[in-house]
Every structure is written in C-alpha cells, then in structure tokens.
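Student: Supplied in structure tokens, the structure appears directly below.
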Amino acid sequence: MKDSTGPAKEPIEGTDPAPLSDRFGAQISHGDIREVRGPLLVVGGAGGVGWDEFATIDLAGGESRHGLVLEVDRDLATLQVLESTDGMSLGGIGVRFDGRPLHVQVGTQWLGRVCNGRGEPLDGGPPVTGTATLPVSGWPLNPVYREPPQEPVLTGISVIDGLMTLVRGQKLPIFSVPGLPHLTLATQIAAQATSSGQSFRVVFAAMGLTHADIAFVRDRLEERSAEKELILLLNAADDPVIERILTPRIAPTIAEHLAYTESHDVLVVMSDMTSYAEAVREVSAARREIPARRGYPGYLYSDLATLYERCGRVKGHDGSVTIVPVLTMPAGDITHPVPDLTGYITEGQIVLAPDIAARGIYPPVDVLSSLSRLMRSGAGKGRTREDHPDVAAQVLAALARARQATELAELVGEAALSETDRSYILYRTLVEKGLFDQARDESRTLEDTLGRAWTALAALPDKELTMLPRVFLDRYLPRSGS
Amino acid sequence: MNGLTPVSEAALAPVRQALRASAESQVAEFRNGALQEVSAILASAQAEAAQIVTNAAAAGAASARTEAALRSSRVRREAHELVLARQSSVIEELRHQLAGTASKLQSDPRYPELLARLRENCQDLLGPEVSVSSSSDGGIIAVAGSRRLDLSLPVLAEMTLDSLPEARELWNR
C-alpha cells in the first residue's frame, strides 16, 4: 500500500534508473506450458507470480504477445493472452512475468499520439516514452487532499453548458441507448471543451467501437490531435476483450500525470463503458467467479468506482482530471447494472432520449432527466455569468410546465388552452430549436448560449419568470421591438 | 332560330342582358381571383425557391467546409505519420547497430568480470542447480528446469537502451 498521508506523490521510477540486474528477474522465461485453453494459458513452475501481473509471451517464431495473470494456484499461473492464443502450441513458448501489474510510461510525449487500447502506437510511430513509469491501476488518493471540483469546463454545447455545466474535476456520464448520437456528442465535447485560464488537454479512450466509428473519431479529433492537445486510445470491437479492461485505466494514468505534474486541466472521455463492463464480465467468467446481477461480477460497483474516482483536483496542484464516461443502456433500461452503478458514483448524468432525437434535435438531451450535481460550483458570478444559475433553473422549470401544457393540449386541443399555456408551448418550440438544437461542429460561447435562453424565455409572460430577479430581467430579457 | 315570336324576344331581351351582365361580371371575378391566386402562388413559389437556394448554398458551404476540414486533417495526419515512421526507423536502426556493437564487447578487458557477475546473478535468481552456458553473441544463457534466462550481450544492450532517459530524447525531438 502506498503511504496515503501525503499529497498525490507519484513514484517516479523512470527518473532514477535502478541497476540493470534488478530487472533480470523479469527476463526469466518460463517454458513449462501445461495447457492452452481458449484465450487462457496455464504455466507451471511459476512460483512467486501474483494476480494481475503483466507478462510477455515469446513464441517460437520470434513473435511476442502479452498476457495478464488471472489466477494463481500454488506454482500454476493462468494467463489471459491479450492477442488470443491462435496459432499457439504447447512447445516453444516462453513466458516472462513482469513482476508487477501493467505499468505505462507517462509524460507529455503522449500528446498527439494515437495508440491502441493498451497504449501501443497505431500511428506508425515509436513506442511512447515518458518521464515516469506508473502502474495503470493508479493509487488511491487521500480524501483529505482532495479539493472540491470548481470552475467550469465549457464544452461549446449549449444544452450542457447552459443547463448542466461540467465542472473541473467532476465525473459526469452520458447515458444513451444504442442508435443515438452519443459518440458524436462525446467526440464533439472532446474536440471543443476548454477551461478558462488553464491549458486544456483531452484523453479520448474508445472501447469496443466499430472501425467506422473509430475513423469518425480520428477525423473529427484530428485538429486537436495535431495541436498536441489530445491523446487517442482506440480499442476496436474486434480487439482483444481484456485489452478493454486496460484502456480505461491507462487513460486516467496518463491524465493524472498531465494534470498533477504538468498542471493541465485534463478531460478524459471514455466511450463506451458498457463495452468495458462486458469485458469485466467475460474475464470474471474466465476466473470462474460467482456471477451477480445479469452475470456481472459482484464487485462491478467498486471496479467502476476505481475508474471514476480517479477524477478530481488535488491540494497544491493546479491541474484537474474531469471524466465524461459514455454508456449505452441495453434496451434503454436505466436500471441495468452499468448505468445503475455508474449513477451511484458519478455526480449527475446527461441522458439522451430517442423521442427527442426523432424530433430532429441534436444533441437529443432529455434535460428534465439530466443533471449536473456540481453545477453550482462551476456556474454563476465570478465563474460564468451572474444570471447563469437562475436562467438554468427558470429554463428547466418552464420546460416542466411546458410539458404539462403539451400533454393538456393533446387532450383538449391547443385552442382550448389558456393564453399562458399556449405561450409555454411556444416557449418549448423556441427553446428546443433555438437553444438545444445545434450543429455537430458548432461551438457556442456561453454568452451566446445564455442569450438564446433569454430569447426563448421572452416568449413567456413576465409574471411567469418567477425564478429570475427583477434586476436580471431588466438587464438581460430581450423586449419585443428592441 | 329559336321559334319565339318577336314580342317574346323583345320581352326576354332585358332578362338576357341581365344574365349576360351577371355572367360577365362573374367571369371577371373569376379571372381576377385566378390572377390573384396565380400571383400569390408565383410569389410563394419564388420565395420557396429562394429559400431552397439559400438553404442549398448554406448546406453546400457547410459540407464543403466539412470536406475541406476532413481533407486537410487527413493530409496533416499523413504528414505526421511520415514523421513518426521516420522516428520509428531511427529507433530500429539504433537497436540494430546496438545489437551488432554489443557483441563486439567480448574483446573488452572487463568482459570476464562481467561474465562472473552475470553468473552470480543467475545463481541468485534460478538457484544453485542452474546450468550456465555462453551465448554465441557474448554473455550467458542460464537454464534451470523449464526456466531460462537470456543474458546475452544484445539483450543486455537492449535493456540498457530501454532504461536510458537520454536515449529516448533521440526520437522525441
């Protein structure tokens, strides 16, 4: 265990190289291969090997593959081979155990690079090197040294910035269902997000995406990547499942270093966490663990927490790590273990809804089901604009009333509604078309977003704007003819 | 010839005139209505056409912008990948040269001392029953049962290269 009394000190191993002989142990090649079963490899004579240890598997032809120790029984170690066991036979295999779980080198050299799910280059470049070597599982952070999330991360997307502001150090997931443009939204956030005053960096971890989706993500994020502000970790749907377990660990490991050592504000976008959870389920089944809800292991909650809780801000360090995980709810079921457990850990959620997408609104955010619990720490005077929290509250309250009015209109007809109810229906159209609907490559300033919110609110009679102080109405409400 | 008497003709003349006048005024009304309708349809069609042209121009400009951005991003990516590929080949070349040079260290006066220390390391790691043989590239290869430890000079050189921060700088510039 790491000493947890101090601030987030990082074990910088690469800066003070140990004698070469210390690494001879990791060069011992074990040739007693007992069994090759599915993706698993059973190695004998492997005393002293530990769980989750990383290993290199040398094949007879000179090829190297990689593996993770899933189980240890006396001197028998069971490994899951990352690149699958295709073409392997019992003879001629040598397994070198690393003596520790997977470590990655971290540093600014990652910026602008495109790698696979376990951090190996996909862009034809040399392996990424860095100034320190850190375990991908990270270290638990002493809670006393955490700083509460504060100040906004602006995404340039009106509905998010205006109504559910993302805050530096927050974890805010996007809940979606298959078929909705959640990846487009996540990519747009990664392409546009900024924070005031600080240099902003993005780590985009893709898990289980199709090659078409990966091509889209690469094209869309190329500009930021070329500016050396972005790191892409891409695990495709046909890549090894266990690699998907490493991807969301490598991403925060790189991000933590960029944030707390290099003082950047870092946004980590992880898409799709449901694919990750399915990989966890598969590995758990291979370890013959007792399945819990829907076959997921009982520790899924704490497993997800070890990823999501790596965001935050730390005392004495300027940077921050903000996490936006994307997850698809199978059959739109919000009680599915992955969104359910995610919802317990994260600070709010952005929910996408098919009926809103069907009305042609992008991003199809169901604002009445969405929430950023930390918005008050990131919005308002001195952070965004003085009227921001009140405008957001008024927009939401008016939308709730507009929904009631719409339901009433379906029963009795719009003509039978009161003048006020009709103004709410007009308001809903204005707010959806003017504020929420946005082009997929459009980045709006916060001033523009709030201006659009005020324009929509102007459709309501003044007496309905009860959540806005008179001084704000006088200052910001556009009057007809003005 | 309609077979009416002149008297009847004369009597019906005002009726006919009235009918004719009413028909003519109705015709004029229809014509005016039709003309108005035509001009309204024309105006709305022209407005719609103008709107379509504006939308098409905007959509075309947007798609051209997207296409241009896409192309430029792909070209930039290709250029970046060329640089990275060059860096990769530099490393490969370095590793290749290093492996060749490492084998030549066998003639170094400190080589026997290195071998003795490597043997000690092998015994520490694999136990006293370890069987140690010399590698053709220099250095040693130790075997104990199913365990094998390759400490030949090219392997040691590679391990050293991986641990040197200043070596990384060569391809990170």
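The values are calculated or read from the model by the stated rules, or taken from the named source; none is laboratory data. Just so we're clear, the structure is a prediction, and the values are computed from it rather than from any experiment. Every residue, glycine as well, gets a Cβ built from its backbone with ideal geometry; the counts of neighbours run over all protein chains shown. Keep in mind that these areas ignore ligands, DNA and RNA; they rest on the heavy atoms of the full protein, side chains included. Shrake-Rupley method; radii C 1.70, N 1.55, O 1.52, S 1.80 Å.
Student: Which numbered condition in (1) crowded, with 16+ Cβ neighbours inside 10 Å; (2) at pLDDT 85 or above; (3) not acidic (D, E) is the only one that A:S64 fails?
Tutor: Unmet condition: (1).
Student: Against the conditions (1) of a type outside the set (D, E); (2) closer than 30 Å to A:G25 by Cβ; (3) part of a loop (DSSP other than H, G, I, E, B); (4) in contact with an Asp or Glu (Cβ under 6 Å, 6 or more places away or on another chain), where does A:P126 fall short? Just the number, please.
Tutor: Going through (1) of a type outside the set (D, E); (2) closer than 30 Å to A:G25 by Cβ; (3) part of a loop (DSSP other than H, G, I, E, B); (4) in contact with an Asp or Glu (Cβ under 6 Å, 6 or more places away or on another chain) one by one, A:P126 breaks only (4).
Rundown of residues vs (1) more than 18 Å from the chain's Cα centre (by Cα); (2) open to solvent by 10 Å² or more (accessible area, probe 1.4 Å); (3) without any contact (Cβ under 8 Å) to a residue 12 or more places away in the chain; (4) within 14 Å of chain B (Cβ to nearest Cβ), yes/no style:
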| position | (1), (2), (3), (4) |
| --- | --- |
| A:T155 | no, no, no, no |
| A:S176 | no, no, no, no |
| A:H182 | no, yes, no, no |
| A:S199 | yes, yes, no, no |
| A:V202 | no, no, no, no |
| A:G208 | no, yes, no, no |
| A:L232 | no, no, no, yes |
| A:V241 | yes, yes, no, no |
| A:I245 | no, yes, no, no |
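Student: Going through region A:72-95 one residue at a time, which ones are within 19 Å of A:E243 (Cα to Cα), modelled with pLDDT of 90 or more and open to solvent by 20 Å² or more (accessible area, probe 1.4 Å)?
Tutor: Result: A:T78, single match.
Student: Please give the strands (runs of 3 or more DSSP E) falling wholly within region A:252-347 in which 2 or more residues are among the polar types (S, T, N, Q) and open to solvent by less than 50 Å² (accessible area, probe 1.4 Å).
Tutor: Hits in region A:252-347: A:320-328.
Student: Please work out which one of (1) surrounded by fewer than 18 Cβ atoms within 10 Å (Cβ to Cβ); (2) within 11 Å of another protein chain (Cβ to nearest Cβ); (3) within 20 Å of A:N235 (Cα to Cα) is the condition A:V128 fails and give its number.
Tutor: (1)
Student: Which ones in region A:17-75 are part of a loop (DSSP other than H, G, I, E, B), touching a residue at least 24 places away in the same chain (Cβ under 8 Å) and more than 30 Å from B:L153 (Cα to Cα)?
Tutor: Answer for region A:17-75, where residues must be part of a loop (DSSP other than H, G, I, E, B), touching a residue at least 24 places away in the same chain (Cβ under 8 Å) and more than 30 Å from B:L153 (Cα to Cα): A:G38, A:P39, A:D52, A:R74, A:D75.
Student: Could we say that A:Y362 is among the aromatic types (F, W, Y) and farther than 24 Å from A:W454 by Cα here?
Tutor: no
Student: I'd like the residue in region A:131-147 that is closer than 24 Å to A:I245 by Cβ and more than 22 Å from the chain's Cα centre (by Cα) and, out of all such residues, is least open to solvent (accessible area, probe 1.4 Å).
Tutor: If we take residues in region A:131-147 being closer than 24 Å to A:I245 by Cβ and more than 22 Å from the chain's Cα centre (by Cα), then A:A132 is least open to solvent (accessible area, probe 1.4 Å).
Student: OK, next. Please go through region A:354-405 and give me each residue that is touching a strand residue (DSSP E or B) at 6+ places or on another chain (Cβ under 8 Å) and open to solvent by 30 Å² or more (accessible area, probe 1.4 Å), ordered by number.
Tutor: A:S369, A:L371, A:R373, A:L374, A:S377, A:R383, A:T384
Student: Would you say A:G169 is in a loop (DSSP other than H, G, I, E, B), modelled with pLDDT under 90 and either surrounded by fewer than 19 Cβ atoms within 10 Å (Cβ to Cβ) or not aromatic (F, W, Y) (or both)?
Tutor: No.
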